[in-house]
1. Compare the peptides 112-125, 149-162, 190-203 by average per-residue count of other Cβ atoms within 10 angstrom and give them in order, highest first.
2. Distance check, please: which entries in LYS37/LYS90; LYS71/LYS206; LYS51/LYS182 exceed 27 angstrom between their Cα atoms?
3. Rank-order 219-225, 79-85 by packing density, defined as the average count of other C-beta atoms within 10 Å over each peptide's residues, highest first.
4. Around ASN29, what is the net charge, scoring Lys/Arg as +1 and Asp/Glu as -1 over all other residues with Cβ under 11 Å from its Cβ?
5. Quickly estimate the mean residue ellipticity at 222 nm for the chain, helices only: each DSSP H run with n ≥ 4 gives -39500 (n - 2.57), and the total goes over all residues, rounded to 500.
6. Pairs of alpha-carbon atoms within less than 8 angstrom and 6+ residues apart define the contacts here; what relative contact order does the chain have, in percent?
7. Take peptides 36-45, 68-77 and line them up by average Cβ neighbours within 10 Å, highest first, as a rough protection proxy.
8. Once each part is reduced to its C-alpha centroid, what is the distance from region 176-202 to region 104-161 in angstrom?
Amino acid sequence: MILLDSVTKQYPGDAEPALDHVSLHIAPNEFVFLVGKSGAGKSSLIKMITKEEIPDSGKIIVGGIDLDYVKKRHIPGYRRRLGVVFQDFKLLPRRTVYENVAFALEIAGMSGRDIRKTVPKVLELVDLLDQAKKFPSQLSGGQQQRVSIARSVARQPKILIADEPTANLDKLTTAEIIALLKKINDFGTTILVSTHDESVVNTLQKRVITLKDGKVVNDQKDNGVYKLDATPVPKAPVRRMQVPGHALRPKRKVI
């Protein structure tokens, strides 16, 4: 679903690369946490996936699309295939909850009739149907983040990327947002969450990828815990795993 092969990125003026030969593969339907100290490369990695930045070298394939072949004029269309949730919500302040979600569908070219059918269902999913007529300023931080998530999943993307989605929320609200992301993952969406929240990572115990100085220093496939270095991880109880019959070989696509 997401494949990075030896991806390197160095910004002008920086002594060290933001990403240094990063290779990883995230399979369909996985829930993955991306952790690391500030400056470890988490934001740069996400920007590579969303094509906000272009790597200096290496290969990135997302949902079967080779990003080398996504032309500049097609980047907005590519991004609409992803769901992206931000730390600061990025809601339109002069539009209601309903209108914020509907606007995302309008941009995607959905008909008015389908929008009227879809928006209430999505708002019900995030438990905000009764807040549909309110403006962002009338909502709590947790409610605003749920609107952001609703807007991101309204087009039913196969991949949802959340960049520090709970950074400004209290513990109870954080738990609610993570539970919502897990629910979306249970429906079959691949989830990638960048976070500094140790308690969330340790409670959910999903896959955890740790970045340090632009490199992957730890990749805990199962029962992951929050780690910021490459020291050995305590082994979880051994359990039999199903091994796929062949490796994923993404095809090149031009959109």
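All of the numbers you see were taken from the coordinates with simple rules; none came from a lab. Everything numeric in this text was worked out from a predicted model, so none of it was measured. Reconstructed Cβ throughout: ideal geometry from the backbone, glycine too, with neighbour counts over all protein chains shown.
1. Peptide ranking by packing, descending: 149-162, 190-203, 112-125.
2. From the list (LYS37/LYS90; LYS71/LYS206; LYS51/LYS182), the Cα-Cα distance tops 27 Å for LYS71/LYS206.
3. So the peptides 219-225, 79-85, ranked by packing, come out 79-85, 219-225.
4. With Lys, Arg at +1 and Asp, Glu at -1, the neighbours total -1.
5. After summing the helix terms and dividing by residue count, I get -8500 deg cm²/dmol.
6. Once divided by the residue count of the chain, the mean separation gives 28 percent.
7. Top of the packing list down: 36-45, 68-77.
8. 18 Å
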